[in-house]
Amino acid sequence: MNKVRPKKSLGQHFLHDQQIARRIVDGLVIENKPMPLLEIGPGMGVLTRYLTGRDEIDLKVAEIDRESIAYLKQHFPLLEGRIIEGDVLEAEWPSVFQGHFAVIGNFPYNISSQIFFKVLENRDRVDQVVCMLQKEVADRLAASHGSKTYGILSVLLQAFFKITYLFKVPPGVFTPPPKVMSAVIRLERNDVERLPCDEVLFFRVVKQAFNTRRKTLRNALKNLNLPAEISGLEIMDKRAEQLSVGEFVSLTLIIEQRRGGAAG
Ligand code: SAH
């Protein structure tokens, strides 16, 4: 069977370096065996090769591209009944596995942020993510407060996951080569089961604060209708990128406690 013809619209850049593929797979921390694992976007299976047929891994893959699906079915008979055909963003993640699971993949770069929002939605189930993505995005996710690249996903992901930067990958190991550098990172769920504040409000505060990241929080959070006593606080002179994850939690707590039911 012929190789899959790379489609730009699906973010297809096929890795052809086996050593890197192996290093990505080795990035997984396997604790409870067999570990349920969802691979996103297997393509022609360069990672899948090192994941199927292993006793310690219970693998399922999600792929949207029909041509790749046909290729996988032909080359990886062990995937029988384990291919979720379609858009991984539309899939019901909790029904893929019974309990907790890990995620792996060379992510389609055009939807990597959306995949992370999906990971966040499923944070009670997703214990670990090992993925390759655009280096610039990897840097952003791992950034600390004070950095220009610190943003919504840095705060939200770091609230629930420990992020480890594993290694960089140059464009030349892909067909076709992407225009950007890539990087491999690992996210491991931390032991914060629930934040000490209202989590829905926390997400809103973080998103709202970064929406106009150059404004002070006092201005950025205007449409949350905060009472004057909160707007007057010193922390409100700061900008979103100056606040650590812990400070966002504290701010949410303050809002929650003093806002007294005012709708935002
Ligand atoms: N893992 C392969 C392919 C990486 S390219 C490799 O490393 O070579 C990204 C893969 O994600 C492609 O196979 C593409 O078809 C798939 N993909 C893109 N959008 C997707 C989506 N919304 N849901 C599931 N898979 C998707």
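The values are calculated or read from the model by the stated rules, or taken from the named source; none is laboratory data. Keep in mind that what you see is a predicted model, and the values were worked out from it rather than measured. Because the Cβ atoms are built from the backbone with ideal geometry, glycine has one as well, and the counts that use them run over all protein chains shown. For accessibility, only protein heavy atoms count, side chains too; no ligands or nucleic acids. Shrake-Rupley method; radii C 1.70, N 1.55, O 1.52, S 1.80 Å.
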message: Just the residues that are more than 22 Å from Asn122 (Cβ to Cβ), in contact (Cβ under 8 Å) with a residue 24 or more places away in the chain, part of a helix (DSSP H, G or I) and open to solvent by 20 Å² or more (accessible area, probe 1.4 Å), please, taken from the stretch 56-98.
response: Glu67, Ala70, Tyr71, Gln74, His75, Leu78
- line: Log entry, pairs with first residue in the stretch 102-113 being free of Cβ contacts under 8 Å to residues at least 60 places away in the same chain, second being more than 7 Å from the ligand (Cβ to nearest atom), beta carbons closer than 6 Å, six or more apart or on different chains, reads Ser112/Leu133; Ser112/Val137
- request: Might you let me know whether the stretch 3-21 holds any residue that is closer than 17 Å to Glu188 by Cα and open to solvent by 100 Å² or more (accessible area, probe 1.4 Å)?
  value: no
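Any chance the stretch 106-114 includes a residue that's open to solvent by less than 10 Å² (accessible area, probe 1.4 Å), within 25 Å of Pro171 (Cβ to Cβ) and either in a loop (DSSP other than H, G, I, E, B) or modelled with pLDDT of 95 or more (or both)?
Yes: the stretch 106-114 contains one or more residues that are open to solvent by less than 10 Å² (accessible area, probe 1.4 Å), within 25 Å of Pro171 (Cβ to Cβ) and either in a loop (DSSP other than H, G, I, E, B) or modelled with pLDDT of 95 or more (or both).
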task: Give me a count of the residues in the stretch 175-192 that are over 18 Å from the mean Cα position of the chain (by Cα) and free of Cβ contacts under 8 Å to residues at least 40 places away in the same chain.
output: 1
task: Being open to solvent by less than 60 Å² (accessible area, probe 1.4 Å), outside any loop (DSSP other than H, G, I, E, B) and under 19 Å from Phe203 (Cβ atoms) is the filter here, so list the residues in the stretch 213-235 that pass it.
output: Leu217, Ala220, Leu224, Ile230, Ile235
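Which of the residues spanning the stretch 23-56 are within 16 Å of the ligand (Cβ to nearest atom) and among the hydrophobic types (A, V, I, L, M, F, W, C)?
Of the stretch 23-56, the ones within 16 Å of the ligand (Cβ to nearest atom) are 23-28, 37-52.
Result: Ile24, Val25, Leu28, Leu37, Leu38, Ile40, Met44, Val46, Leu47, Leu51.
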query: Which residue pairs have Cβ atoms under 9 Å apart, sit 6 or more places apart or on different chains, and have a first residue in the stretch 238-251 that is over 14 Å from Gln158 (Cα atoms) and a second that is assigned to a strand (DSSP E or B) and open to solvent by 20 Å² or more (accessible area, probe 1.4 Å)?
result: Lys238/Thr216; Arg239/Thr216
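Quick one: would you say Ile24 is more than 25 Å from Glu92 (Cα to Cα), assigned to a helix (DSSP H, G or I) and in contact with a Cys (Cβ under 9 Å, 6 or more places away or on another chain)?
yes
Looking only at the stretch 130-152, which residues are of a type in the set (A, V, I, L, M, F, W, C) and without any contact (Cβ under 8 Å) to a residue 24 or more places away in the chain? Please lay out each step first, then the result.
Initially, the stretch 130-152 is screened for residues of a type in the set (A, V, I, L, M, F, W, C), giving 130-133, 137-138, 141-143, 152.
If the condition is that a residue be of a type in the set (A, V, I, L, M, F, W, C) and without any contact (Cβ under 8 Å) to a residue 24 or more places away in the chain, then Ala143 is the only one that fits.
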statement: With the first residue restricted to the stretch 5-20 and required to be within 12 Å of Leu47 (Cβ to Cβ) and within 7 Å of the ligand (Cβ to nearest atom), and the second required to be assigned to a loop (DSSP other than H, G, I, E, B) and of a type in the set (A, V, I, L, M), Cβ contacts under 9 Å at 6 or more apart or on different chains are Phe14/Val4; Phe14/Met44; Phe14/Val46; Leu15/Val46; Leu15/Leu47
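Can you tell which of Gly45, Gly53 is part of a loop (DSSP other than H, G, I, E, B), open to solvent by less than 20 Å² (accessible area, probe 1.4 Å), without any contact (Cβ under 8 Å) to a residue 60 or more places away in the chain and of a type outside the set (Ser, Thr, Tyr)? First the steps, then the outcome.
Working: Gly53 fails: open to solvent by less than 20 Å² (accessible area, probe 1.4 Å).
Matching residue, one of Gly45, Gly53: Gly45.
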